[in-house]
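Comments concern the structure below.
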Amino acid sequence: MLENLLKGLIVVCSVFTVSPGVARSQEANLWGMDGLTKIMLDMPLPSAPQPAALEGACGETVSGQVVFRATRGLKSVCAETTDLKNADHMVSAACVRLQWVRYLEVKRNSAGVPAEELVARAPCALPDPFWDTATVDVAASTAQPLWIEIDVPRDAVAGDYTGTLTLRWDNGSVNLPLRLTVWDFELPATRHQQVTNWFTFPGAGYHVEHDSEAFWELAAKYAKIMVAHRQTCFKAELGWIKTTFDPQHGYQCDFRFLDRWAETFFAAGMERMELFQAGAISASVANPAARIGPANLAVEVKVPDVQLTAEEKLRGVLEQLDRHVREKNWANRLMIHVQDEPFLHCVPTYKQVAELVHRAAPSLKVVEAVEATGFGEAIDVLVPKLNHLNLWLPHFQEMQGQGKEVWFYTCCHPVGRYPNRFLDQPLVKTRVLHWMSYLYDLDGYLHWGLNYFAAGADPYSEEGVSKDLPLGDRAIMYPGRTGPVGSLRWSAMRDGLQDYELLRVLESRLASLKQSRGDRADWLDPRQRPLELCRRVASSFYDYTRRAEVLLATRREVASEIEALSRSPLLYVQTEPCEGTTVPAGPRLINVRGIAEPKATVKINGAPVSDVGADGIFAAACFLSRPEITVEAVMDGKTRTVTRTFRLED
């Protein structure tokens, strides 16, 4: 496909020449790059430049980038694209977003991360935020990336679409073909990962009056861009509920502000609201003396000489909230925090407050980022840190088996060789986090820092995004002139969540295949093949690829296998043990099972399979003499071949 792609490059521009993947004018070069490479300012023209080519499923947001480099400084460089066409079909230019990438100057690296796990050593300039301007100035002999995102329409026809990307400046321009490959299936509209990045509002860069129309317009912009990045949960404050009390009428709650906040985010496509918080802690959470008690909510008492305890106020407000939630039909949409990151010494008192919450507001789920185990029934949504999940995985798998949701989180930890989303780490680390979600069948992801810039600091500075923390830990969304703007790391997170969904699509298609064959296909495990592919990218919490090309090639293979399940001749192969297993001398016996077209001829390593059922199901024992098992199905002159590879050891 790549060979055909390179042959098809056509560039239209005055006074420039073309080589594969690069457009040259008299004073500038323009070439394509994948969406996982951080472009450093001194990046030269590569020896084997890539075309501007993106690919993905219907309903997916696909990303990539091009790099522009001029021999002299240029002012007000702008970018535009034509519609992308495929015969009589088209993906409109309106589906394409072109965003110039901005750089942050840093003087240090994130502590605790080995040098070989960093994208560059400080001091340096690191790419991350997007400019919210249509034009940028480009310095001489400096690489300037342009980020490309295409919202593939859900009704797009599969195939290759081509258009022209044009960069213009005062007296010149350069063009490069832009190619989009649309796969022949749809990314589900339903999202199967719960995602939250906590945020502050209105946040740095914005000054709007509380509860004004400008306030709500900005909130809607927050909600829109968060949903576009596949966030499903949004935060709110328990203290927003204005409450009064008198002995005759009890607790009276004003939910109007909370309701409008919730409705703004729900209307944008958010699924759940997180309330902060039901607990209060007596000391630093890591202090062994720390204990958790009920939050002392602000309640206006209408009569003198009545003193309410913190427990009474919390119970009263939660009971009213529970009633209100049921009236709004939000029973499955609200979660509440008790106390962030409770340690082991906090567990007994945490459980007491959580029990109060469950009794007073049974429609609310308790969600918590935890630093311990042993919470029992206190927490409905457990969110351990990535490295703790690694160390305590059996416990959390047991909790999941009991019906609990298990997410994971990253923050200023983990460091070392674990993946995270630090500014000075490669983008593959941000994206691979969500392959791990599939690997361990996790339910969601949490990070504390969407836009918690350091107070008083420029958001577009090292201090703003990193003060007292690893680089970039404070934020991945930046303040634009009229609303929030994204970043490379936020796009990489979204792309990883979409990769997760692709694996889910393959699993779903295999589950349907299994169901279509009834009891004779009881051996088919719909997760086995997606997991085999997933392990090419991530095989544990700390064993994962650092190579962008491996992740992207695996993603492409997932898509290819999804498409193959709906094409003739059908061939699905499952081995026991699974692909990638290390097989010592023994003899090496692999059980091979599969499903083909009922009348297909099937061969395994060239030997015919005699027992192919009327439903296309076959099975055979295979003794390995080489690392590969090759299965071939032929029907009506068409052949499909599947290979499974193993590691052989003496």
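The values are calculated or read from the model by the stated rules, or taken from the named source; none is laboratory data. Quick caveat: nothing in here was measured; it's all calculated off a predicted structure. Cβ atoms come from the backbone with ideal geometry, glycine included; neighbour counts cover every protein chain shown. Quick note on the areas: whole protein, heavy atoms, side chains included, nothing else; ligands and nucleic acids left out. Shrake-Rupley method; radii C 1.70, N 1.55, O 1.52, S 1.80 Å.
Which one is farthest from PHE343 (Cα to Cα) among residues in segment 274-286 that are open to solvent by less than 40 Å² (accessible area, probe 1.4 Å) and out of contact with any Cys (no Cβ under 7 Å at 6 or more places or on another chain)?
Within segment 274-286, the subset open to solvent by less than 40 Å² (accessible area, probe 1.4 Å) is 274-276, 278-279, 283, 285.
When the remaining residues are screened for being out of contact with any Cys (no Cβ under 7 Å at 6 or more places or on another chain), the result is 275-276, 278-279, 283.
On the way: LEU275: 21, PHE276: 18, ALA278: 17, GLY279: 14, ALA283: 12 Å.
Among them, the one singled out is LEU275.
Regarding TYR542, is this residue open to solvent by 10 Å² or more (accessible area, probe 1.4 Å), within 30 Å of LEU118 (Cβ to Cβ) and at pLDDT below 95?
Taking the combined requirement at face value, the residue satisfies it.
Looking at (1) polar (S, T, N, Q); (2) in contact with a Gly (Cβ under 9 Å, 6 or more places away or on another chain); (3) farther than 23 Å from GLU561 by Cα, which one does THR630 not meet, given that it meets all the others?
(3)
Within segment 352-374, how many residues turn out to be closer than 30 Å to TYR418 by Cβ and surrounded by fewer than 19 Cβ atoms within 10 Å (Cβ to Cβ)?
Result for segment 352-374: 4.
At least 2 residues that are under 25 Å from ARG555 (Cα atoms) and among the aromatic types (Phe, Trp, Tyr) in each: list the strands (runs of 3 or more DSSP E) lying fully within segment 343-456 that qualify. Explain how you work it out, then say what you get.
Details: elements: 365-370, 381-384, 405-409, 444-447.
Once the strands (runs of 3 or more DSSP E) in segment 343-456 are filtered for at least 2 residues that are under 25 Å from ARG555 (Cα atoms) and among the aromatic types (Phe, Trp, Tyr), what remains is 405-409.
Select from segment 186-197 the residues that are in contact with a strand residue (DSSP E or B) (Cβ under 8 Å, 6 or more places away or on another chain) and either surrounded by fewer than 20 Cβ atoms within 10 Å (Cβ to Cβ) or assigned to a loop (DSSP other than H, G, I, E, B) (or both) and list them in ascending order.
GLU186, LEU187, GLN193
Each row is one residue, and each column tells you yes or no for (1) assigned to a strand (DSSP E or B); (2) within 23 Å of THR639 (Cβ to Cβ); (3) under 19 Å from the mean Cα position of the chain (by Cα).
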| site | (1), (2), (3) |
| --- | --- |
| SER491 | no, no, yes |
| VAL505 | no, no, yes |
| ILE562 | no, yes, no |
| THR575 | yes, yes, no |
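Can you tell which of TYR409, TYR460, TYR440, TYR478 is under 21 Å from VAL113 (Cβ atoms) and among the aromatic types (Phe, Trp, Tyr)?
Unique residue meeting the criteria: TYR409.
Which of the numbered conditions does GLU300 fail, given that it passes all the others? Conditions: (1) open to solvent by less than 50 Å² (accessible area, probe 1.4 Å); (2) in a strand (DSSP E or B).
For GLU300, the exception is condition (1).
This table checks each residue for (1) over 30 Å from ASN390 (Cα atoms); (2) charged (D, E, K, R).
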| residue | (1), (2) |
| --- | --- |
| TYR500 | no, no |
| VAL505 | no, no |
| ARG520 | yes, yes |
| ARG535 | no, yes |
| TYR542 | no, no |
| ALA553 | no, no |
| GLU557 | no, yes |
| ARG567 | yes, yes |
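Pick from segment 422-438 the residues that are touching a strand residue (DSSP E or B) at 6+ places or on another chain (Cβ under 7 Å) and over 17 Å from GLN194 (Cβ atoms): which of them is surrounded by the most Cβ atoms within 10 Å (Cβ to Cβ)?
Filtering first and then ranking leaves LEU423.
Can you find, within segment 627-650, the residue that is most open to solvent (accessible area, probe 1.4 Å) among those that are touching a strand residue (DSSP E or B) at 6+ places or on another chain (Cβ under 8 Å) and in a loop (DSSP other than H, G, I, E, B)?
Among them, the one singled out is ASP650.
Output the qualifying pairs, or none if there are none: Cβ atoms under 6 angstrom, residues six or more apart or on different chains, first residue in segment 202-230 and free of Cβ contacts under 8 Å to residues at least 40 places away in the same chain and within 13 Å of ASN451 (Cα to Cα), second residue crowded, with 19+ Cβ neighbours inside 10 Å and aliphatic (A, V, I, L, M).
Here the result reads PRO202/LEU218, each pair linking segment 202-230 to a residue that is crowded, with 19+ Cβ neighbours inside 10 Å and aliphatic (A, V, I, L, M).
Conditions (1) out of contact with any Phe, Trp or Tyr (no Cβ under 9 Å at 6 or more places or on another chain); (2) surrounded by fewer than 18 Cβ atoms within 10 Å (Cβ to Cβ); (3) farther than 17 Å from ASP151 by Cβ, marked per residue:
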| residue | (1), (2), (3) |
| --- | --- |
| ASN29 | no, no, yes |
| LEU41 | no, yes, yes |
| PRO46 | no, yes, yes |
| GLN50 | no, no, yes |
| GLY73 | yes, yes, yes |
| SER76 | no, yes, yes |
| MET90 | no, yes, no |
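Of all the residues that make up segment 457-476, how many are among the β-branched types (Val, Ile, Thr) and assigned to a loop (DSSP other than H, G, I, E, B)?
Count: 1.
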